[in-house]
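The values are calculated or read from the model by the stated rules, or taken from the named source; none is laboratory data. Please read these numbers as outputs of a predicted model, since none were measured by experiment. Virtual Cβ from ideal backbone geometry, glycine too; neighbours counted across all protein chains shown.
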Amino acid sequence: MNGVRQTWLVAAREIRERGRSRAFVASLLLMLLAVAAAIALPALVDTGPGTKDVGLTGAAPAGLTAAVQAHGDAVDTTIRIHHYDSRTEGEAAVREGDIDVLVVDARQLEWRKRADEQLKAVVTGAIQLVAVRDRAEAAGMDPDELLAVVEPVPVANVELGQVEGRSPDDETAAFLMTMVLFFSISTYGAMVLSGVVEEKSSRTVEVLLARMPARNLLAGKIAGIGMLGLVQIALTAIVALVAASLADSFDVPAVRGSVIAWAVVWFVLGYALFATVYGTLGSLASRTEDASSVTGPVSIILVLAFMVSFAAIGSAHTTWAQLVAWFPITAPLAMPNRIAMGAATWWDPVFAALLTVTTIAGLVFLGGRVYTRAILHTGATLSLGEAWRGAPGSSHADITVTTVSTEPEEVPVMQSTKRAARTQLGLIVIAIVIGAVVLALTGDFVIGVGVGAGVFALARQAIKASGRKDDQNGAANEPDPEPAHR
């Protein structure tokens, strides 16, 4: 059996096992529901103009009712007029919330709390229009001719954006792609990490290595989880587009087909790069808690790469942004932005992709050696130097187990690994839900995403700190071993 066949078998196994797991299916359904809710919720919540109730009392001009309703129609707001015989009745209706504003003698507006600026402009404009007509008639002038003279000149609004030649829609598309790529690469890279530790702790890897080289095993695991990630991203994008078309809650940014194609390419490259690193470092540890500490620097580097790539959106034409888009670590996040902003020439992404592919090949070679020598090691966490030189007991000749071990002491480690993976997915879903709620309440996408990302980061750090504390308490409460009898 050749290496490609072995890699495909491992990839198919990853897709089959993880795709059928209840944790993955539940997290996928929750993510799809959260995305649909984030798009549909603003349309369900009455955050737009909608319908407003206006009360009239006292001396009101004859044409005020029609003028207020006409001004409301101009801003897509339905105005319902309520007439009150006395000011006291009208003020009571305002306090009880039956009407939004009370117009007294066409000279004063009374509100329950803070004034609604849009409704205030609608009512005030109608009052001014009726007053001009009445004064024109009193002066013997033709009201229609006077209104034609004082009619406002329409003024167009043009959104320039931060970069010349690109609209705010392009910037929004670049921002969305950066967020999706960042969360996807970090999430599926972490899945590779947990999968490596799970197979190592359950000693399943010993059976697999008896039939194939370690490099093929690692490559198959990365490929299988990556394909599963692409399917999940595609389903999420389809649900988002369908929800946006049905709810009509916001305009979907127009994105060129070439930009989407390059985004898929850079997801594959970025995932392959960081997943190789996660898988290699995961082989150094025997527990999920230890693996998290080993991969901590990589997570920090990924966050820094995201921040730098995000900052480059508004400076896509600068030299430093071009260098960031070429650098293999930041290229998967920065280059799609550069393409979306129209700052990349035809050879820019090709050159950056060649550099990234070369880096991935080097990581596969170096990581394969570390993975091969560390994956069979049990006990304390290895350092990179120890794994590179060859850890004791990590040779293929040392493999004596041909069946999966089911010793009782391995079960807690497997359960801990699975529990950590479910916790990771749960945190992502919770962060998306919280971000969606904030988006619905504030109407600001950036604030919603920022709050969701902050909740995810804080919760993840809190869980890690709690896990380390539990490990320390467990070690402190463990009884000392009995002294050996001479």
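Looking across segment 1-28, the residues that are surrounded by 12 or more Cβ atoms within 10 Å (Cβ to Cβ) and of a type in the set (A, V, I, L, M, F, W, C) come down to W8, L9, V10, A11, A12, I15, A23, F24, V25, A26, L28.
When the helices (runs of 4 or more DSSP H) confined to segment 292-353 are screened for residues that are closer than 18 Å to V180 by Cβ and among the hydrophobic types (A, V, I, L, M, F, W, C), those reaching at least 3 such residues are found at 296-311, 331-340.
For segment 195-208, a residue qualifies if it is buried (at least 20 other Cβ atoms within 10 Å of the Cβ) and of a type in the set (G, A, S), and the qualifying residues are G195, S201.
Any chance segment 122-137 includes a residue that's part of a helix (DSSP H, G or I), more than 22 Å from A62 (Cβ to Cβ), out of contact with any Lys or Arg (no Cβ under 6 Å at 6 or more places or on another chain) and modelled with pLDDT under 90? No: zero hits.
The residue of segment 68-106 that is surrounded by the most Cβ atoms within 10 Å (Cβ to Cβ), among those that are small (G, A, S) and out of contact with any helix residue (DSSP H, G or I) (no Cβ under 6 Å at 6 or more places or on another chain), is G90. Checking each residue in segment 107-121 for being surrounded by 20 or more Cβ atoms within 10 Å (Cβ to Cβ) and in a loop (DSSP other than H, G, I, E, B) picks out no residue at all. V350 meets each of the listed conditions (1) closer than 19 Å to Y271 by Cα; (2) touching a residue at least 12 places away in the same chain (Cβ under 8 Å) apart from (2). Just one residue in the set A311, A340 is surrounded by fewer than 21 Cβ atoms within 10 Å (Cβ to Cβ) and over 20 Å from T187 (Cβ atoms); that residue is A311. Within segment 186-243, the set of residues being of a type in the set (V, I, T), within 21 Å of the chain's Cα centre (by Cα) and modelled with pLDDT of 80 or more comprises T187, V192, I225, V231, I233, T236, I238, V239. Somewhere in segment 143-164, is a residue outside any helix (DSSP H, G or I), of a type outside the set (A, V, I, L, M) and modelled with pLDDT of 70 or more? No, segment 143-164 contains no residue that is outside any helix (DSSP H, G or I), of a type outside the set (A, V, I, L, M) and modelled with pLDDT of 70 or more.
Residues checked against (1) part of a helix (DSSP H, G or I); (2) farther than 20 Å from L273 by Cβ; (3) not assigned by TED's automatic domain parsing to the domain that holds I260:
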{"site": "S194", "(1), (2), (3)": "yes, no, no"}
{"site": "M212", "(1), (2), (3)": "no, yes, no"}
{"site": "N216", "(1), (2), (3)": "yes, no, no"}
{"site": "G220", "(1), (2), (3)": "yes, no, no"}
{"site": "I225", "(1), (2), (3)": "yes, no, no"}
{"site": "Q232", "(1), (2), (3)": "yes, no, no"}
{"site": "I238", "(1), (2), (3)": "yes, yes, no"}
{"site": "L241", "(1), (2), (3)": "yes, yes, no"}
{"site": "A244", "(1), (2), (3)": "yes, yes, no"}
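Selection within segment 60-87: residues that are among the polar types (S, T, N, Q) and not in a loop (DSSP other than H, G, I, E, B). The member of this set that is nearest to the chain's Cα centre (by Cα) is T78. Contact map, segment 48-71: residues that are over 13 Å from H83 (Cα atoms) paired with residues that are assigned to a loop (DSSP other than H, G, I, E, B) and not hydrophobic (A, V, I, L, M, F, W, C), Cβ distance under 6 Å, separation 6+ or inter-chain. Pairs shown: P49/D76; P49/T77; K52/T77; K52/D100.
Restricting V324, V370 to residues that are among the aliphatic types (A, V, I, L, M), over 16 Å from G270 (Cβ atoms), crowded, with 18+ Cβ neighbours inside 10 Å and at pLDDT below 90 narrows the list to V370.
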